Amino acid sequence: MEVITTHLNADFDSMASMVAAKKLYPEAVLVFSGSQEKNLRRFFVQSVMIYDFQRIKNIELEKVTKLIVVDTRQVARIGNFAKCLNNPGIEVHLYDHHPDAPGDMKGDVEVVRPVGSTATVFIEIFQERHIDISREEATLLAMAEHEDTGSFTFSTTAAADLRAMAWLMERGAQLSTVTQYITHELTSNDITLLNELIKSATTYTIQSIPITVTRITTSHYIDEFSLIVRQFMSMENLNVIFALASMGERIYLIARSRIPEVNVGMIAMEFNGGGHASAAAATINDMTLIEAEEKLIRLLHKHVRPESKAWELMSSPIISVGPELTIMEANDILIRYGITMLPVLKDNAILGLFSRRDASKAIFHNLGHLPVTEFMTTEFATLPPSATLADIQELIIEHRQRFIPIVENGRLDGVITRTDLFNLLVNDPAYLPSLNTTQSEPSGERNRNLTNLLTQSLNRDMLILLQTIGEVAHHNHFTAYAVGGFVRDLMLHIENYDLDVVVEGDGITFAKQLAEAVGGTIRTHVKFNTAVVKMPSGFKVDIATARLEYYEYPAAMPTVELSSIKLDLFRRDFTINAMAVHLNPEKFGILVDFFNCQNDLKDRKIRILHNLSFVEDPTRIFRAIRLEQRMGFALGKLTEKQLKNAVKMNMFDQQFGRRYFQEIKLILSEPNPLPAIQRMAQFDLLKFLHHSLILDPPLAEILEEAQRAVSWHKLLYLAESCQPWIVYLLALTARIQTRALLAFCRKFEAPERYTHLLIKEKVETKRIVRVLERRAHLCPSEIYWLLKGLSHEGLLFAMALCRNKAGKQAVSLYVTRLRHVKTRLRGEDLIKMGYRTGPIFQTMLNHLLEKKLDGDLRTREDEIKLLEKEYPLLAGDKKNRP
């Protein structure tokens, strides 16, 4: 199946682009990913044009083989169609006019052009391929052009949009229809809302730039909100405006900017929205209006700043040498000033670069008497003083050029080094000891050859896979490493086939090459430069790009930049997880240990890599406890001190909610999570889950009973799956109210299916346990109907809560026997006996089941006799009996 779709809340540009794409993909089905804007819905109702759009609920997503996405490349904006990206062999074709952004999909076909609307992209394709369109299609595309360019007044309007409109006019586009749906007049309600926006507006001056932020609250959705914001901006002649509107249960952001210093598209993306530098929007969930505004102000301070230029970062004056200087003399200068690179100048023009490494090698070979020009590097890039931070990052991080000459009019004005860049990115390099040195490999004593250990510990398939990864990396000029828990457990002789691979270079490109080499499939996450390669056997390998994470303030989400393996390992949570193993053939099996991590494995210690680790990412606190208890390690003294400090400072931030939930889930998924829960209580962490949560003796007893119930269930070896962490979470929250459990789920952004299950099982189980404890003797049929609605997790929770032996035995009887009991007679048997179908059937079958559960019926004949006695057939029914 081929499907054409677009972003949620579709507008005229997205709808017209879908219709245009249909001309290129005639076999494809048109399907909106979600709702449409009000004007578009009105057009559908009033238009005589017929479009064959299908409902998404009628599409079998797993059967989609080609996904054509128009007017967006953001995965988060195509709704349920994002699931199709995991389909084996899926082809993705993208047509868009928005600028590149993190989170963009990568397509097999990508047509992205810097114009004012996606309609223009298709019109240019039609012109190139000599595809003609009808008058109705021209009118629809004209509406898209006018809407997305503000009738050609927006700053994003390109000359190509005007040429496209002229082409549409030549094909009969009806401007009267365009005016009917695109031109808006403010209603009295709109004017009232505009007045509220004006009254609530606040102007902030950030980096000397006035920025207007305004907000309103309304009980219903306002279709014309963006129009009202545009009118406000025009009336007040504002350069920048951000408007927040609380409409029902959601908050909507509309942002507009006329100046390059404020890129509203980047800020909207922080709210999972999108758009252009001049116009953007976002739908904000799980925030109050106040929280959304506070986050917006923080983002403005983060993003609105005069862009750093090379002339601000460069070092000057420059230590340099002339071309006549010998290598030995140049080496003396390098050593004297403690630098690693010298520009070679003649008349202030740069001829080349001479490094300390080159000097050492030349002197080793007795060539120190030669001039530096003999061995200087002449292939390097330069930048002008006006170059941006992005230009600098591209050269230093992506192209590995550690030293950048800043040149204007052929004259060397200054230099920028890798250290200069890191100082800017990390703000305080004291937190990154030894990262900025020239050493790019660990010291010799930390290089161990683990080839024998790999051979002895891994099965043949895994060993071959590691070698294949290394060969693919070598062939394509990458360097690949196995990292993290895989290396840790390898050295501890613990079986672990959860393989994480880090690549120096583009991880996604490498993952595609690996998938092609092994005949596997790939799933990518462009935002973080990661991918998952699925082997033909079903085994999965996680591929990541070596990256540096730095935190702008405590408990901030990490900013990810490309880096070397050393920086990638330094960003990790604990020293025991900060080792890697070379996979390329020339160094296969060589351990990479920059931070003396092997000693911590030997000492069985959990240690952080720097003092701000828990402050930057508080979820590491839960991970430390989990690893400590699972592996039988102990927290290092400094690590424990920093953990306590982070708890004392309450370094927990709402934006980590889902990650906290995942860490709590992992703790409760351990074979025995009770020691970790006790450890959390020792560090006063339970109050973070809920302020009333205390590990007192009654709660400890419930948790111990939950563990016994889970262990008992495992010994049954049942075919049905059970998630023990749910049992433990229900037990942990057994003594807090249901609304408190709901608040917990909301706070930690638990998936809706889990929230629903937890609340349902808590309410039902407590009701059932009251019955089990009140009535000591229940017949089997009563037990069956009492427990029938509970999940496996709820049943084990009930067993944990029951304080009397009879109640526990009742649950056990249901799990092991009663729930499997079935009657021999079915509905079709009742029809054959002459009974007329109807609600009475369920009553009769339930009656049979109860009697069978209670041991009164054993055979089919017993069931028939009971029905004939309790539900005799009428005379008319007997005549019809076959």
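Taking amide hydrogens as modeled 1.01 Å from N in the peptide plane, which residues meet the under 5 Å criterion relative to Ala387, leaving out close sequence neighbours?
Ala310, Trp311
At q = 0.15, 0.19 Å⁻¹, what log₁₀ I(q)/I(0) does region 793-860 have when each alpha carbon counts as one equal point scatterer in the Debye sum?
Treating every Cα as an identical point scatterer, log10 I(q)/I(0) equals -0.63, -0.80.
Along the charge dipole of region 692-769, pointing to its positive end and built from +1/-1 on Cβ of Lys, Arg, Asp and Glu, which listed residue (Leu693, Leu742, Ala709) has its Cα farthest out?
Going by the Cα projections, it comes out as Leu742.
What fraction of the Cα pairs in region 5-97, stated in percent, has a spacing above 23 angstrom? Walk me through the numbers before you get to the answer.
On the way: 751 of 4278 pairs.
In whole percent, the long-distance tail amounts to 18.
Cα atoms only: what Rg and Dmax, in Å, come out for the chain?
Looking at the chain, its Cα Rg and Dmax stand at 33.7, 122 Å.
How big is Rg to Rh over region 601-641, alpha-carbon atoms, Rh as the Kirkwood inverse-mean-distance radius?
Details: Rg = 9.7 Å, Rh = 10.3 Å.
In region 601-641, Rg relative to Rh is 0.94.
Please give, to one decimal in nm, the separation of the simple spin-label points placed at Thr65 and Lys687, each 7 Å out from Cα toward the Cβ.
Rounded to a tenth, the inter-label distance reads 6.1 nm.
Okay, helix-only estimate at 222 nm for the chain: each DSSP H run of n ≥ 4 adds -39500 (n - 2.57), divide by all residues, round to 500 deg cm²/dmol; what do you get? Working shown, then result.
Details: 38 runs with 391 residues, N = 882.
Taking each H run of at least 4 residues, the total per residue is -13000 deg cm²/dmol.
When DSSP beta bridges are limited to those with both residues in the chain, what percentage is antiparallel, rounded to the nearest 5?
Values: 64 of 97 bridges.
About 65 percent, rounded to the nearest 5.
Given +1 on the Cβ of Lys and Arg, -1 on the Cβ of Asp and Glu, and no further charges, what dipole in debye does the chain carry about its Cα centre, rounded to the nearest 20? Intermediate values should be presented prior to the final figure.
Details: 103 positive and 106 negative charges, 904 e Å.
Roughly 4340 debye for the chain.
Given an 8 Å cut-off on Cα distances and at least 6 residues of separation, report the relative contact order of the chain as a percent.
Working: 1412 pairs, mean separation 44.8, N = 882.
RCO, the chain: 5 percent.
Taking all pairs of different Cα atoms in region 695-775, averaging 1/r and flipping that mean, what Kirkwood radius in angstroms comes out? If you can, show how the numbers build up before the last one.
Numbers: mean 1/r = 0.0724 Å⁻¹.
Computed over region 695-775, the radius equals 13.8 Å.
Give me the orientation-averaged projected area of the Cα convex hull of region 313-377, in nm², one decimal. Please report the intermediate quantities before stating the final value.
Details: hull surface 17.3 nm².
Result: 4.3 nm².
If you count only protein heavy atoms with a 1.4 Å probe, what accessible area per residue comes out for the chain, rounded to a whole Å²?
On the way: 42480 Å² over 882 residues.
Per-residue accessible area for the chain comes out at 48 Å².
With only alpha-carbon atoms in the gyration tensor, what are the semi-axes of the equivalent ellipsoid for region 745-882, in Å, largest first?
Numbers: eigenvalues 281, 73, 24 Å².
After scaling each eigenvalue by five and taking roots: 37, 19, 11 Å.
Can you order the peptides 24-34, 792-802 by their average number of other Cβ atoms within 10 Å per residue, highest first?
Details: 24-34: 16.5, 792-802: 25.2.
Top to bottom by mean Cβ count within 10 Å: 792-802, 24-34.
I'd like the carbon and sulfur percentage of the solvent accessible area for the chain, probe radius 1.4 Å, heavy atoms only, ligands and nucleic acids excluded. Could you put the intermediate results ahead of the total?
Numbers: 21180 of 42480 Å².
Within the chain, the accessible surface is 50 percent carbon and sulfur.
In µm²/s, what is D for region 255-317 at 25 °C and 0.890 mPa s, where D = kT/(6 pi eta Rh) by Stokes-Einstein and Rh is the Kirkwood radius from Cα pairs? Walk me through the numbers on the way to the answer.
Details: Rh = 13.0 Å.
Translational D for this selection: 188 µm²/s.
What do you get for GluC sites (Glu not before Pro) in region 32-79 restricted to DSSP loop and a cutoff of at most 12 other Cβ within 10 Å of the site's Cβ? Could the numbers behind the result be given before it?
Numbers: sites: Glu37, Glu60, Glu62; in loops: Glu37, Glu60.
Taking region 32-79 and a limit of 12 other Cβ atoms within 10 Å, the loop GluC sites (Glu not before Pro) found are Glu60.
Taking the square root of 5 times each eigenvalue of the Cα gyration tensor, what semi-axes in Å does the equivalent ellipsoid of region 110-228 have, largest first?
Values: eigenvalues 244, 75, 23 Å².
Largest first, region 110-228 gives 35, 19, 11 Å.
The values are calculated or read from the model by the stated rules, or taken from the named source; none is laboratory data. Since this is a predicted model, take the numbers as computed values, not measurements. Please note: Cβ atoms are built from the backbone with ideal geometry, for glycine as well, and neighbour counts cover all protein chains shown. SASA here: full protein model, heavy atoms, side chains in, ligands and nucleic acids out. Shrake-Rupley method; radii C 1.70, N 1.55, O 1.52, S 1.80 Å.
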